Amino acid sequence: MNWREDMAGESRELEQALDHFKASMDAWSDAALRRPRTVTNVAVRHNWRPAAGWALGCLLAAGSVAGAVHQIVHRQEMAQQAAQKAAAERAAAAREAALRAGTPAEKKAPAAATQDANAGAQDEALLASVNRYVSRQVPAAMEPLAQLMDDNGTK
């Protein structure tokens, strides 16, 4: 025997081994394709982050609006109290001046005088707030920045 015959024998064995391997792989893949499969239900996952973001955003907006409303109401109450205090001081000054002059300051009943003073104070407070809003040079949100600026526009 020569080396060519030895190689031919080994080659035949190799070809047979490869043929058997191919046949077994084909059988395995056919069996894998034909076996029954179970389908699993995919669980739907809801993402909570967008909902939480919207909720926090709405909460922030509602808090901002509530803070602004509280500040406006507080300013109005303070202006009303200041107007009532000023009206009471004017009425007291008028009474003192009338007592010094020796004539009664008002010939009306005391209850009517206080009602007129309150009505006058409310009117003055209303006119003062209207004047403040009409004569404003910058919007209310920009007032802190406007106070930082000089008259010529530079700091």
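Taking R0 as 22 Å, what's the FRET efficiency between Ser129 and Ala97 from their Cβ-Cβ distance, rounded to 0.05?
Result of the calculation: an efficiency of 0.15.
Kindly write out, for region 77-88 in residue order, the coupling ³J(HN,Hα) from the Karplus curve 6.51 cos²θ - 1.76 cosθ + 1.60 (θ = phi - 60°), rounded to whole Hz, with x marking Gly and Pro.
Using θ = phi - 60°, the values come out as 5, 5, 5, 5, 5, 5, 5, 5, 5, 5, 5, 5 Hz.
Report the dimensions of region 10-145 along its three principal axes from the alpha-carbon atoms, largest first, rounded to Å.
That gives 144, 34, 19 Å along the principal axes, largest extent first.
Computed from the coordinates by the stated procedures, all read-outs in this text should not be read as laboratory data. Every value quoted in this text rests on a predicted model; they were computed, and no experiment measured them. Cβ: placed from backbone, ideal geometry, glycine included. Neighbour counts: every protein chain shown.
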